[in-house]
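> Here you go, one structure.
Read-outs throughout are calculated quantities, based only on the coordinates presented, and are distinct from any laboratory measurement. It should be emphasised that the depicted structure is a prediction, and the values quoted were computed from it without experimental measurement. We place every Cβ from the backbone using ideal geometry, glycine too, and count neighbours over all the protein chains shown.
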Amino acid sequence: MNNPEILIADYSWSGKTRRVADQLMDLLPGAGRYELTVPAGTFPTDMYATDAVATKQITDHAYPSLTTPLPELTNYRLILVGSPVWHGRPATPVHSFLQTLTGFTGMVASFFTDAGDQGDYDAVFHQWAPAGLTIGPSHENGANLSAWLTELTSKEV
Ligand SMILES: Cc1cc2nc3c(=O)[nH]c(=O)nc-3n(C[C@H](O)[C@H](O)[C@H](O)COP(=O)(O)O)c2cc1C
């Protein structure tokens, strides 16, 4: 797989996941980047208030819209989806992005950052993904990024 066939799609609320995505970009020169953004004011600046907003979005099935135009997915064979762990789940903009991957024939794999408790992150990521999407192994916060990339690219689809 060539790096231009890899897309790094990340949401970051306070910058930590963005830094991991930046490291991935350094390891994969030529890869594509899509930073998930939501309308200004969607989430408060307080962590607990943000958690409450995200939980209500999930309960109401009212996920935030993405404000950055979506990339042309047919260019890619592997999409690395990054997010902070929120309440043991991916951040809700990741749900919005995953819905755009219906029919994507490549592989998706997730990476996340957390403060020590990933909760049900992987299970919820799989649950939020459209049916039929191929999902590879996820990257645990703090684990070796290069080893993960080698594992993924050896599973080429
Ligand atoms: C709304 C919210 C909920 C969070 N829930 C968790 C959690 O369940 N477990 C955990 O370990 N960290 C949790 N955190 C901490 C973040 O996952 C952690 O700081 C992450 O690295 C932040 O990434 P970011 O800077 O890319 O937003 C939460 C943070 C926020 C804002």
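> On a full-extension model of 0.36 nm per residue, what is the gain between MET47 and SER146, subtracting their alpha-carbon distance, rounded to one decimal in nm?
Numbers: separation 99, 0.36 × 99 = 35.64 nm, distance 3.07 nm.
Here the segment from MET47 to SER146 would lengthen by 32.6 nm.
> Still on this structure, I have one more. Which values of log₁₀ I(q)/I(0), to two decimal places, follow from the Debye formula for the chain at q = 0.12, 0.17, 0.19 Å⁻¹ with a uniform point scatterer at every Cα?
Those come out to -0.46, -0.97, -1.24, one per q.
> Still on this structure, please answer the following. Can you tell me the length gained on complete extension of the stretch ASP120 to GLN99, counting 0.36 nm per residue apart and subtracting the Cα distance? Walk me through the numbers on the way to the answer.
On the way: separation 21, 0.36 × 21 = 7.56 nm, distance 1.92 nm.
In short, 5.6 nm is gained.
> Going by average Cβ density within 10 Å per residue, which order do the peptides 100-108, 127-135 take, highest to lowest?
Numbers: 100-108: 16.6, 127-135: 14.1.
So the order, starting with the most tightly packed, is 100-108, 127-135.
> Given the chain, what percent of its DSSP beta bridges are antiparallel, to the nearest 5?
Details: 2 of 21 bridges.
Looking only at bridges with both residues in the chain, the antiparallel portion is about 10 percent.
> Compute the relative contact order of the chain as a whole-number percentage, counting only Cα pairs closer than 8 Å that sit 6 or more residues apart in sequence. Each step should come with its number before you reach the end.
Details: 260 pairs, mean separation 37.0, N = 157.
Computed value for the chain: 24 percent relative contact order.
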